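Data block below; observations after.
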Amino acid sequence: MADTDNSTSAPASTSAPAPAAEPKRSWGDEAEEEEEEEEASGEQAPPSSTPDLKIDSLSIDVAKKPNNFLEDPDDSNIKAVTTGDTMYASAKAFEELDLSPDLLKGLYVEMKFERPSKIQAISLPMILTPPHKHLIAQAHNGSGKTTCFVLGMLSRVDPKFTAPQALCICPTRELAIQVLAILLLEACGSCNMEVLKKMGKYTGITSEAAISMDSSNYIPISKRPPITAQVVIGTPGTINKWVTARKLSLSYLKILVFDEADHMLAESGFKDDSLRIMKAIVKDSPGCQVLLFSATFDDAVRAFVSKIVKDLFRGDYNQMFVNKEELSLESVKQYKVKCPDELSKIMVIKDKIFELGNKLGQTIIFVRTRNSASMLHKALTEYGYEVTTIQGALKQDDRDKIIKEFKDGLTQVLISTDLLARGFDQSMVNLVVNFDLPVKHDYPSEPDCEVYLHRVGRAGRFGRKGAVFNLLCNDRDEMIMAKIERHFNTEIAEVPSWRSYEDFEAALKKAGLL
């Protein structure tokens, strides 16, 4: 069946699928960084373009600024590609989506929404309109994409039927808990974290977190009763264990969501577990709708995801993408700072960023390895600063406690590996510091541009102002920074002197924070 291609704006870019990457670890798995050899960088040819795609029914009135707490830049270049004969009209109001009164009440009363953002206006009709086609969607950090798939899940669930009907899979337990927090007020898994009443408060829909637990809270799978929660949100490893043990039924699933889908289906992510879950769902619930959301999709993953949806689920699917150069958040001002050595980096954080930023909100400092996290934590605490650190080697209860303290505003500075680079929402984070630039694990002279984008997205959430400081201390750092700039077709401003308090003050003023 031929696709009917449509678009809201400029031409969509496609390219031939790149060869599948060999499996590789993440830097967050490493205790410390090994000696690395410089590798010659190769420039890729620009992707070929396809003819203009038009979708009149999905056009957006950019003069209207919905959800002004969301990142929704005026020149967003969103491309929607639909298949089949189904017509979709962009939603100017949530009432146009045929949502239940309980869901509308949650949106207006609990979420404080006024009307859909542009991402929501385009994607929600494609999610909610029968025959409920699959969707591959890329959207800005902070654009409201979580609302899109949470609404999709809640709208498909029958509250009177006590069986799993919606499944959301996330790469980390922190992200799973955060998504669950949007659904209901309850204690989430082992963390006893009470969260605010959000979107599903008035629906009566039940949910459960499928996340790993510490030994103190562990319940053997054999002693667990069958899962009857209507929405299950969790990590792929735990979900696979529950399915294998026949504790999580997939027979009644109506909708499957992959959050951060690029990572979930990449060779370096959770590809094997994700495919195993997908195949089980196709067997038990072949009519299940699949939504794949992420802020980033590289060409290889994008081609693979499209093939999986087309060949495995064998249904029509729609797509929504944002141009690569449009992905950098405009409300976040990015800077690079040249430092002569690592001690100078620490001095910049201590004497400039902390001193100027102590009244601006919270700060996240990203490092590459667990060893770097420990080293920086020790250095800053010895200078008398209160900082907390999170990385994958911590016990789960400790990770939950650190996240809760940070989200409750009890701590102001959080040092993290890329464990929190993706999807971590904290509205009071105004500053992000890249103590180490993100690089690909197997090619350390090549930047990991997707991780960089996700890190930047932690600052200035929901359209608030924010600033990112990239600390560079050698030629390789400068080369990696230059590649990031070329990738996003942008020029990152340089703070003239790492020693100058006035230069950092001027940078924060330009970012709208002072």
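Sub-8 Å Cβ pairs linking a first residue in the range 92-108 that is polar (S, T, N, Q) to a second residue that is modelled with pLDDT under 90, at least 6 apart or interchain, are Ser100/Thr203, ordered by first then second residue. What about Phe258, is it more than 30 Å from Lys160 (Cβ to Cβ) and not acidic (Asp, Glu)? Taking the combined requirement at face value, the residue does not satisfy it. Considering only residues that are of a type outside the set (Ser, Thr, Tyr) and without any contact (Cβ under 8 Å) to a residue 24 or more places away in the chain, look in the range 227-266 and name the one that is nearest to Thr146 (Cα to Cα). For the range 227-266, the residue satisfying everything is Lys241.
Taken as a whole, the structure leaves Lys359 outside the set of residues that are open to solvent by 10 Å² or more (accessible area, probe 1.4 Å) and at pLDDT 85 or above.
Can you say whether Thr389 is in contact with a His (Cβ under 6 Å, 6 or more places away or on another chain) and open to solvent by 20 Å² or more (accessible area, probe 1.4 Å), as far as the supplied structure shows? Spell out the reasoning first.
On the way: in contact with a His (Cβ under 6 Å, 6 or more places away or on another chain): yes; open to solvent by 20 Å² or more (accessible area, probe 1.4 Å): yes.
Taking the combined requirement at face value, the residue satisfies it.
Looking only at residues in the range 503-513 that are farther than 18 Å from Ile364 by Cβ and either of a type in the set (Ser, Thr, Tyr) or open to solvent by less than 50 Å² (accessible area, probe 1.4 Å) (or both), which one is modelled with the lowest pLDDT? Step by step, filter the range 503-513, then rank; the result is Gly512. For the range 444-514, the helices (runs of 4 or more DSSP H) that sit wholly inside it and include 2 or more residues that are in contact with a Ser or Thr (Cβ under 8 Å, 6 or more places away or on another chain) are 449-456, 475-487.
If you go through the range 150-161 one residue at a time, do you hit one that is under 26 Å from Arg246 (Cβ atoms), assigned to a helix (DSSP H, G or I) and at pLDDT 80 or above? The answer is yes, given that some residue of the range 150-161 is under 26 Å from Arg246 (Cβ atoms), assigned to a helix (DSSP H, G or I) and at pLDDT 80 or above.
Screening Met126 against (1) open to solvent by 10 Å² or more (accessible area, probe 1.4 Å); (2) under 24 Å from the mean Cα position of the chain (by Cα) leaves a single unmet condition, (1).
Let's see how each residue does on (1) touching a Lys or Arg at 6+ places or on another chain (Cβ under 8 Å); (2) in the same structural domain as Cys339 (by the TED database); (3) open to solvent by less than 40 Å² (accessible area, probe 1.4 Å):
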| site | (1), (2), (3) |
| --- | --- |
| Val432 | yes, yes, yes |
| Arg455 | no, yes, yes |
| Gly466 | yes, yes, yes |
| Ala482 | no, yes, yes |
| Tyr501 | yes, yes, no |
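State the number of residues belonging to the range 434-445 that are open to solvent by 30 Å² or more (accessible area, probe 1.4 Å) and either modelled with pLDDT of 85 or more or touching a Pro at 6+ places or on another chain (Cβ under 8 Å) (or both). Step through it out loud before you land on a result.
Let us first name the residues in the range 434-445 that are open to solvent by 30 Å² or more (accessible area, probe 1.4 Å), namely 440-443.
With either modelled with pLDDT of 85 or more or touching a Pro at 6+ places or on another chain (Cβ under 8 Å) (or both) added as a condition, the list becomes 440, 443.
Total meeting the criteria: 2.
Among Asp341, Asp397, Asp351, which is under 25 Å from the mean Cα position of the chain (by Cα), among the acidic types (Asp, Glu) and surrounded by fewer than 22 Cβ atoms within 10 Å (Cβ to Cβ)? It is Asp397.
Return yes or no: is Met375 out of contact with any strand residue (DSSP E or B) (no Cβ under 9 Å at 6 or more places or on another chain), among the hydrophobic types (A, V, I, L, M, F, W, C) and open to solvent by 60 Å² or more (accessible area, probe 1.4 Å)?
Working: out of contact with any strand residue (DSSP E or B) (no Cβ under 9 Å at 6 or more places or on another chain): yes; among the hydrophobic types (A, V, I, L, M, F, W, C): yes; open to solvent by 60 Å² or more (accessible area, probe 1.4 Å): yes.
Yes; evaluated as a whole, the condition is true for this residue.
Can you work out which of the residues in the range 410-430 that are assigned to a loop (DSSP other than H, G, I, E, B) and modelled with pLDDT of 85 or more is surrounded by the fewest Cβ atoms within 10 Å (Cβ to Cβ)?
First, the residues of the range 410-430 that are assigned to a loop (DSSP other than H, G, I, E, B): 410-412, 417, 421-428.
This time we only want the ones that are modelled with pLDDT of 85 or more, so: 410-412, 417.
Working: Leu410: 10, Thr411: 15, Gln412: 21, Thr417: 24.
Per the stated criteria, the residue is Leu410.
Of all the residues in the range 468-480, those that are within 27 Å of the chain's Cα centre (by Cα), surrounded by fewer than 19 Cβ atoms within 10 Å (Cβ to Cβ) and among the charged types (D, E, K, R) number 1.
The values are calculated or read from the model by the stated rules, or taken from the named source; none is laboratory data. This structure is a prediction, so every number in the text was calculated from the model and none was measured. Cβ sites come from the backbone with ideal geometry, for glycine too, and all protein chains shown count toward neighbours. These accessible areas exclude ligands, DNA and RNA; they are computed on the full protein's heavy atoms, side chains included. Shrake-Rupley method; radii C 1.70, N 1.55, O 1.52, S 1.80 Å.
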